[in-house]
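Enquirer: I'd like to ask some things about the structure below.
The values are calculated or read from the model by the stated rules, or taken from the named source; none is laboratory data. All values reported here derive from a predicted model rather than from experimental measurement. With ideal geometry, Cβ positions are generated from the backbone for all residues, glycine too; neighbour counts draw on all protein chains shown.
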């Protein structure tokens, strides 16, 4: 990490499907050691990967952002968000195909129960959780605006604003692109079902 940086860690606290992968890749291009999705932190609260990296995003950080703030004082937080209807549409894909493509362990379902109140696509519960989560995050940092940067990904990623927030040199980065969503294959569904049967 750059010698001029005065903070501890960078926690990307946006919910899944709010550009967390793109932000992770952008931070890597800004020379931060960034890790996206920490399964050991879900399963056993193993903070080792957090200790050894500069920036952390995606599951299970949204559920733990207050603990992150307490455990790593003087950190910075980036909240990515987007239009709720578009997010719900993306979450429908995630709960149908994404979980199969990435072959989620049971711990991810438990994480979703804790964060969203459901492990399946439930529009009402997810919609309510979306609003409550953003209200909670904004309220938590209301007296510390210097520690929270909110990015609406519908407006794109403003690299200069991120660099200014993190006090890193502005540099040209690879243009961020929207990833296509594909359907899970029959073989992936079989693999996913087998994992569940073997871990019952």
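Enquirer: Here is a list of conditions, (1) more than 18 Å from the chain's Cα centre (by Cα); (2) in contact (Cβ under 8 Å) with a residue 60 or more places away in the chain, and residue 122 meets all of them except one; can you say which number that is?
Expert: With (1) more than 18 Å from the chain's Cα centre (by Cα); (2) in contact (Cβ under 8 Å) with a residue 60 or more places away in the chain applied to residue 122, the lone miss is (2).
Enquirer: Looking at residue 157 and the list (1) at pLDDT 90 or above; (2) assigned to a loop (DSSP other than H, G, I, E, B); (3) more than 17 Å from the chain's Cα centre (by Cα), which single condition is not satisfied?
Expert: Looking at each condition in turn, residue 157 falls short on (3).
Enquirer: Can we say residue 110 is at pLDDT below 95, assigned to a helix (DSSP H, G or I) and more than 14 Å from residue 151 (Cα to Cα)?
Expert: yes
Enquirer: Here's something else I'd like to know. Could you give me the residue pairs with C-beta distances under 6 Å whose first residue belongs to segment 69-82 and is touching a residue at least 40 places away in the same chain (Cβ under 8 Å) and at positive phi, whose second residue is surrounded by fewer than 20 Cβ atoms within 10 Å (Cβ to Cβ) and not in a strand (DSSP E or B) wherever it lies, and which are 6+ apart or on separate chains?
Expert: Final answer for the pair search is 74/7; 74/8.
Enquirer: Since residue 43 meets every condition but one in (1) assigned to a helix (DSSP H, G or I); (2) closer than 21 Å to residue 19 by Cβ; (3) in contact (Cβ under 8 Å) with a residue 60 or more places away in the chain, which condition does it not meet?
Expert: Here residue 43 meets the rest and fails (2).
Enquirer: Taking the stated definitions as given, is residue 76 closer than 28 Å to residue 126 by Cβ, at pLDDT 95 or above and surrounded by fewer than 16 Cβ atoms within 10 Å (Cβ to Cβ)?
Expert: Against the criterion (closer than 28 Å to residue 126 by Cβ, at pLDDT 95 or above and surrounded by fewer than 16 Cβ atoms within 10 Å (Cβ to Cβ)), residue 76 does not qualify.
Enquirer: Collect the residues in segment 129-155 that are more than 19 Å from residue 91 (Cβ to Cβ) and surrounded by 12 or more Cβ atoms within 10 Å (Cβ to Cβ), keeping them in residue-number order.
Expert: The answer is 138, 140, 141, 147, 148, 149, 150.
Enquirer: In addition: Can you name the condition, by its number, that residue 91 falls short on among (1) in contact with a strand residue (DSSP E or B) (Cβ under 9 Å, 6 or more places away or on another chain); (2) outside any loop (DSSP other than H, G, I, E, B); (3) surrounded by 21 or more Cβ atoms within 10 Å (Cβ to Cβ)?
Expert: Single failed check for residue 91: (1).
Enquirer: Select, from 54, 69, 31, 58, the only residue that is closer than 27 Å to residue 159 by Cβ, surrounded by 18 or more Cβ atoms within 10 Å (Cβ to Cβ) and more than 15 Å from the chain's Cα centre (by Cα).
Expert: 69
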